[in-house]
Amino acid sequence: SQTIHQWPATLVQPVGSPLSLECTVEGTSNPNLYWYRQAAGRGLQLLFYSVGIGQISSEVPQNLSASRPQDRQFILSSKKLLLSDSGFYLCAWSFSWDSEAFFGQGTRLTVV
Amino acid sequence: AQSVAQPEDQVNVAEGNPLTVKCTYSVSGNPYLFWYVQYPNRGLQFLLKYITGDNLVKGSYGFEAEFNKSQTSFHLKKPSALVSDSALYFCAVRHWEGNQGGKLIFGQGTELSVKP
């Protein structure tokens, strides 16, 4: 069976510090991978998605970047965090472009 | 552009009563529709999907959804609500981007509260 791991679960970082959130998927190959952010409230904003190694599509120009160095690894980064980067970050994967996505447990990021 | 709308921020239901959480969609071409549930401080859990076939789709935990093409709706339903169904529910649609694959676009969510 497939599993998705996302860490850390919570993170408190000062403004201006770097960020690296990691997500890995086990039990499948060449998954579609996604990063979402859920701000206070509830809406889910798609940040990045990837259909293969080195293929990253950015949805919203902002202070964040994503990389996919390996088939089942998806990393969300920032060189300098802003207060507005606070939120709940969710990684997800799917078999294909038209299938359902499966989510990790999320990372609660607080920038102080 | 593909989109989904959840017109109700909150739905309140008494335990044992039927529940409906509404979703309407806007797509070009055939819709690929999904429902998810989120419990506090957790990731989203997949409930069910409509790709093609029967308009009534059955999913996890006794939930079902009815696809209505003429009304462009995909409402989530359950015949008898449980207190444990209280959570945040999201409707989502797939958006094909050609060789870039497909994005999954979510509605704003509906908070379901089931009271004893």
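The values are calculated or read from the model by the stated rules, or taken from the named source; none is laboratory data. Remember, predicted model here, so these are calculated numbers, not experimental data. So basically every Cβ, Gly included, is an ideal-geometry build from the backbone, and we count neighbours across all protein chains shown. When the accessible area is computed, the model is the full protein with side chains, heavy atoms only, and any ligands, DNA or RNA have been set aside. Shrake-Rupley method; radii C 1.70, N 1.55, O 1.52, S 1.80 Å.
The HN-Hα couplings worked out from phi for segment B:50-56 by the Karplus form 6.51 cos²θ - 1.76 cosθ + 1.60 (θ = phi - 60°) are 10, 10, 6, x, 4, 6, 9 Hz, whole numbers, x standing for Gly and Pro. Summing charges over all other residues whose Cβ lies under 14 Å from the Cβ of B:A81, with Lys and Arg as +1 and Asp and Glu as -1, gives -1.
A Cβ-based charge dipole, computed about the Cα centre of chain A with Lys and Arg at +1 and Asp and Glu at -1, lands at about 360 debye.
Would you work out the charge dipole size for segment B:1-85 about its Cα centre, treating the Cβ of every Lys and Arg as +1 and the Cβ of every Asp and Glu as -1, and quote it to the nearest 20 debye? Don't skip to the answer; put the middle values down first.
Values: 7 positive and 7 negative charges, 39 e Å.
About 180 debye.
Enter the per residue convex hull volume of segment A:39-112, computed from alpha-carbon coordinates, in Å³ rounded to the nearest integer.
Per residue, the Cα convex hull of segment A:39-112 comes to 106 Å³.
Placing dummy labels 7 Å off each Cα toward the beta-carbon, the span from B:A1 to A:L83 is 2.7 nm.
Which trypsin sites (Lys or Arg not before Pro) in segment A:23-98 sit in a loop by DSSP (not H, G, I, E or B) and have at most 13 other Cβ atoms within 10 Å of their own Cβ?
Working: sites: A:R37, A:R42, A:R72, A:K79, A:K80; in loops: A:R42, A:R72, A:K79, A:K80.
Here the trypsin sites (Lys or Arg not before Pro) that fit, given the DSSP loop and packing criteria, are A:K79, A:K80.
Largest mean-square fluctuation among B:A65, B:A14, B:A87, in a Gaussian network model of chain B whose springs join Cα atoms under 10 Å apart, belongs to B:A14. Under 5 Å from the amide H of B:T72 lies no amide H of any residue 5 or more positions distant or on a separate chain, with H modelled from the backbone and absent for Pro and chain starts. Remark: spin-label model distance B:S28-B:R42 equals 3.8 nm, labels positioned 7 Å along the Cα→Cβ axis. With protein chains left intact and a 1.4 Å probe, residues in segment A:1-109 average 44 Å² of accessible area per residue. Annotation for the A:B interface, with buried accessible surface near 2200 Å², both sides summed [1.4 Å probe; non-protein components not counted].
Once the chain from A:V12 to A:T28 is taken as fully extended at 0.36 nm per residue, the excess over their C-alpha distance is 2.6 nm. Residues whose amide H falls under 5 Å from that of B:Y32, counting only those 5 or more places apart or on a different chain, are B:R94, with hydrogens built in the peptide plane. Residues whose amide H falls under 5 Å from that of A:L47, counting only those 5 or more places apart or on a different chain, are A:W35, A:Y36, A:R37, with hydrogens built in the peptide plane.
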